1. Go ahead and run the numbers for FRET between Y79 and D242, Cβ-Cβ distance against an R0 of 22 Å, rounding to 0.05.
2. Are there any trypsin sites (Lys or Arg not before Pro) in the range 184-263 that are in a DSSP loop and have at most 11 other Cβ atoms within 10 Å? List them by number.
3. Taking the Cα centre of the chain as the origin and placing charges on Cβ (Lys, Arg +1; Asp, Glu -1), which of P199, L326, Q299 is farthest toward the positive end of the dipole?
4. Would you tally the net charge around A203, using a Cβ to Cβ cut-off of less than 11 Å, leaving A203 out, and scoring K and R as +1, D and E as -1?
5. Quick check: at a probe of 1.4 Å, how many percent of the accessible area of the chain sits on carbon and sulfur atoms?
6. Mean separation of Cα pairs under 8 Å and 6+ residues apart, divided by the residue count of the range 62-171: what relative contact order is that in percent?
7. Which trypsin sites (Lys or Arg not before Pro) in the range 363-426 pass both tests, a DSSP loop state and at most 11 other beta-carbon atoms within 10 Å?
8. State to the nearest 20 debye the size of the charge dipole of the range 67-127 about its Cα centre, where the only charges are +1 on K and R beta carbons and -1 on D and E beta carbons.
Amino acid sequence: MQVEIAREKIAQLMKELNQHNYNYYQEDAPTISDYDFDQLLKELQELEQQFPQFADENSPTKRVGGDITKKFDTVEHRYPMLSLGNSYNREDLTDFDERVQKLAGRPVEYVCELKYDGVAIGISYKNGKLERAVTRGDGSKGDDITANVKTIRSIPLQLQGSDYPADFEIRGEIFYPLSVFAKINEEREKEGEALLANPRNAASGTLKMQDSAVVAQRKLDSYLYYMLGDHKVASQHFESLDIARKLGFKAPPKEKNMIAKCNSIDEIFEFIDYWEDHRNELDFEIDGIVIKVNDYHLQEELGYTAKSPRWAIAYKYKTAQARTILNEITYQVGRTGAITPVANLQPVLLAGTTVKRASLHNADQIEKLDVREGDTVLVEKGGEIIPKIVGVDLSERPENSEPNQYIEHCPECSNELRRIEGEAQHYCPNEWSCPPQIKGKMAHFISRKAMDIDGLGEETVQQLYDAGLVQNIADIYELSKDQLLPLERMAEKSANNLIAGVEASKQIPFERVLFAIGIRFVGETVAKKLAKYFKSIKAIQQASFEELVAVDEIGDKIAESVIHFFEEEKNQQLIESLLAKGLQFELIETEDEYATDILEGATFVVSGVFEKFSRDELKQAIEQNGGKNVGSLSAKTNYLIAGDKMGPAKKEKAEKLGIQIVSEDDFIQMLQG
Ligand code: IVH
């Protein structure tokens with residue numbers, strides 16, 4: 001009977017969560033706190049793991065990702081994904097309007113929309129469920145990125161109501177909100193990684209990641225603006241988007257004037273002018289306006305050229321540019337020692353903000369532009385966030401101008417810089433005594449997602465370092481109240497707080513400690529995977545390259561970096577002293593309330609790609625039900641769970657060893673006893 005209850009509970013939780021998603025994204029009126037939402041989601045997740053036979057492919061838990069795509073399949077678009085004719089001036093638009101009116105023989109109604117600067121996507125729905133999401137590609141074929149798109153919360157997995165065509169496609173754009181993009185770059189700057197140039201490329205990069213669980217954490221967003229299918233839901237484009245909204249899609253909202261019907265060229269110009277003035281207030285990028293004929297019949301009559309529809313046109317805004325003087329080129333040193341050259345500018349107004357600095361990226365970029373101190377430069381808002389220098393006005397170059405000499409020594413510690421072959425950035429290799437690198441390591445160590453030490457912020461780290469109280473992260477655990485009190489702004493209470501925070505951090509779980517110690521390329525997700533797989537720092541330390549790359553999602557680059565880290569004697573000493581201080585360097589496995597012992601004593605190998613679950617989910621289900629996962633087949637293995645694309649050699653070996661080969665569905669059956 002327990003099984004029946006679970007089935008019902010899963011269905012009910014799914015419905016509830018879908019409704020909350022709709023309330024949040026479509027109605028902008030959530031009726032539940034984020035915390036309570038996460039609790040419900042967790043409950044559903046646990047039930048689905050325990051009763052995989054009832055898990056739905058479009059369950060809201062798919063939002064957290066987990067499916068890995070090693071290589072994205074190329075698939076044909078049912079309807080080609082065309083581009084739009086461009087116009088840069090008003091005459092072009094007047095011409096467009098005249099052409100359309102002439103053919104229609106009557107006044108025409110248009111719809112004006114924003115031209116979102118993101119990644120184009122076509123998403124098909126079958127019987128109300130998200131079936132497939134494909135990138136634009138070359139227009140006729142694109143990449144199947146369904147697993148990643150399913151993690152984007154504003155894209156419904158299950159449509160609302162029941163009034164939708166059985167089979168249709170909706171198109172739109174996926175993008176990073178500017179606020180999210182800014183945070184990503186802030187993080188990267190802290191980590192000493194090269195900054196991402198613009199939100200569009202960043203979104204495109206994220207959508208091509210193999211691990212959808214990582215994509216799920218990235219907070220991509222979407223606007224969907226075009227319904228296609230053999231059965232139209234309305235006779236006009238504008239109305240079709242009304243219906244799209246009701247079904248749960250995030251279509252451009254009418255209230256914010258992000259979409260409007262226009263009945264004359266002047267109304268179109270008004271829309272363009274309005275957004276030219278207000279685009280800075282949006283939390284995403286647009287690069288223009290799209291003007292579409294509203295009526296579908298007229299759209300068909302107008303038809304298509306080889307590349308684009310004759311019923312629509314884009315109007316592109318000019319990129320905001322400013323001229324100013326480059327006073328000085330300075331150099332920043334990041335946490336990992338990466339050097340970033342910075343252009344210090346005569347302050348200039350650009351698209352509503354005053355720009356004083358621009359990134360010059362690296363030595364190659366400076367050389368390519370031949371940009372020099374004293375030059376008059378053209379500044380553009382690249383990705384509208386980090387201003388960039390796009391050119392030099394040579395006619396204004398001072399006579400005594402000299403080509404820029406890229407620094408050879410670290411501006412902070414004077415060590416000689418290095419440049420790894422094939423990498424654009426210069427590095428300061430002095431990671432143990434270059435001040436920004438030490439401070440950066442400590443700031444990372446104490447940060448919220450790492451050790452999260454209460455009462456200790458970046459500024460305090462700076463103070464402690466400047467006062468000579470800490471030289472490396474282990475020193476944090478030696479601090480005493482007497483040492484702290486003489487510091488500026490350090491009262492009794494804050495000193496107590498800090499000491500208590502440091503003490504409490506000794507309970508932070510292993511995976512976060514592993515992330516905190518700052519191994520290059522070992523971010524939060526990788527740290528979790530390593531901790532779960534190896535279970536202790538000792539095991540990771542002793543792991544060979546082959547053992548490391550055997551872990552899901554750990555590639556050559558990460559494995560090499562881990563090995564390199566532990567080879568370094570100073571790191572070994574650091575780990576030893578942190579161990580002595582009592583930090584968690586072993587995984588504590590938590591009890592699961594849904595755990596059973598149905599698979600007790602059985603050993604499994606999981607191989608291939610599965611339909612209903614990711615490999616990780618299957619492995620978790622095995623462990624939660626008392627079974628054991630092993631990496632490779634041997635005489636001791638009981639079952640091989642075989643998915644799609646499993647190599648023939650594996651199958652052969654299993655047969656030879658007499659191991660039972662089971663499918664995903666067989667396995668689900670096993671769980672039911
Ligand atoms: S409609 C047949 N509407 O711009 C073309 N496209 O340069 C239908 N885009 O491929 C496209 N915002 O990726 C349309 N509101 C909008 C858009 C939009 C951005 C993109 C889209 C298209 C590209 C053309």
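The values are calculated or read from the model by the stated rules, or taken from the named source; none is laboratory data. Remember, it's a predicted structure, so these values are computed and weren't measured experimentally. Ideal geometry is used to build each Cβ from the backbone, glycine not excepted, and the neighbour counts take in all protein chains shown. With ligands, DNA and RNA removed, areas are computed over all heavy atoms of the protein, side chains included. Shrake-Rupley method; radii C 1.70, N 1.55, O 1.52, S 1.80 Å.
1. Details: r = 22 Å, r/R0 = 0.98.
The formula returns an efficiency of 0.55 here.
2. Working: sites: R188, K190, R200, K208, R218, K219, K232, R245, K246, K250, K254, K256, K261; in loops: K208, R218, K219, K232, K250, K254, K256.
Hits after loop and neighbour filter: K256.
3. About the Cα centre, the residue reaching furthest to the positive side is Q299.
4. Result for the neighbourhood of A203: 0.
5. Working: 15570 of 33430 Å².
Of all accessible area on the chain, carbon and sulfur atoms account for 47 percent.
6. Details: 127 pairs, mean separation 39.3, N = 110.
RCO, the range 62-171: 36 percent.
7. Details: sites: K368, R372, K381, K388, R418, R419; in loops: R372.
When the trypsin sites (Lys or Arg not before Pro) of the range 363-426 are filtered for loop state and at most 11 Cβ neighbours within 10 Å, nothing remains.
8. Values: 9 positive and 11 negative charges, 60 e Å.
Around 280 debye, computed over the range 67-127.
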